[in-house]
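Novice: Quick one: this structure, given as structure tokens, is what I'll be asking you about.
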Amino acid sequence: MRVMANFFSTQDTRLAAGARVLLPAVWLGLIIGISLIEAPLKFTAPGITIPLGLGIGRLVFGVMNWVELAIAVILLWSMLKSGVDRIYRGLASGLIAVLIIKVLVIRPLLNKRTDAVLAGVDDGGSAMHLFYIAADGLLIVGLIAALVLAVRRWVTVRPAVGAVPSSS
């Protein structure tokens with residue numbers, strides 16, 4: 001019962017502070033792993049055709065977006081605690097806004113393009129992917145900034161006991 005009370009409390013907790021560090025790191029790793037590594041390499045694998053690569057991409061990015069949304073919801077919960085500074089709240093809110101645009105606007109447009117390519121109506125040449133790449137670029141930069149802010153707030157460096165101060 002006490003755990004649930006702490007969960008719904010507006011008081012900042014170690015769990016919420018930890019989430020503000022861990023979630024951006026996981027989200028960043030997800031984007032790097034899928035968008036920057038898996039997606040470009042997929043089409044270089046032997047035997048992968050454009051339709052097969054597009055089908056795999058649609059599946060992988062669809063699941064990735066659901067995971068990103070789950071991360072965003074938990075991050076939003078961690079920001080509702082007292083003691084979270086305005087800069088972090090603003091940055092995280094911006095990240096969530098970019099994610100919502102990516103999932104609700106850009107992805108459906110990309111799905112239409114994928115459908116056209118799979119139907120043989122389109123050659124696949126499109127600048128639409130650049131919007132998705134730009135959104136992921138914004139997320140990468142913002143997530144790094146969120147990590148720096150969260151770690152700086154959470155981790156304080158204290159001199160070791162008995163350490164002699166340096167004269168630099």
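The values are calculated or read from the model by the stated rules, or taken from the named source; none is laboratory data. Source: prediction; values computed, not measured. Note: accessible area is taken over every heavy atom of the protein model, side chains too, but ligands, DNA and RNA are not part of it. Shrake-Rupley method; radii C 1.70, N 1.55, O 1.52, S 1.80 Å.
Novice: Keeping the other protein chains in place, figure out the carbon and sulfur percent of the accessible area of the stretch 19-152, with a 1.4 Å probe.
Specialist: Of the solvent-accessible surface of the stretch 19-152, carbon and sulfur hold 78 percent.
Novice: Counting heavy atoms of the protein chains only and a 1.4 Å probe, report the per residue accessible area for the stretch 19-152 as a whole number of Å².
Specialist: With the other protein chains kept in place, the stretch 19-152 gives 53 Å² per residue.
Novice: I've got another one for you. Rounded, prolate or oblate: which one fits the stretch 19-152, using the alpha carbon gyration tensor with axes a ≥ b ≥ c (rounded when a/c is under 1.5, else prolate when a/b beats b/c, else oblate)?
Specialist: prolate
Novice: Give me a comma-separated list of calculated 3J(HN,Hα) values for the stretch 25-39, in order, Karplus coefficients 6.51, -1.76, 1.60 applied at θ = phi - 60°, integers in Hz, x for any Gly or Pro.
Specialist: Running phi through 6.51 cos²θ - 1.76 cosθ + 1.60 with θ = phi - 60° gives 5, 5, 4, 4, x, 4, 5, 4, x, 8, 6, 9, 10, 5, 4 Hz.
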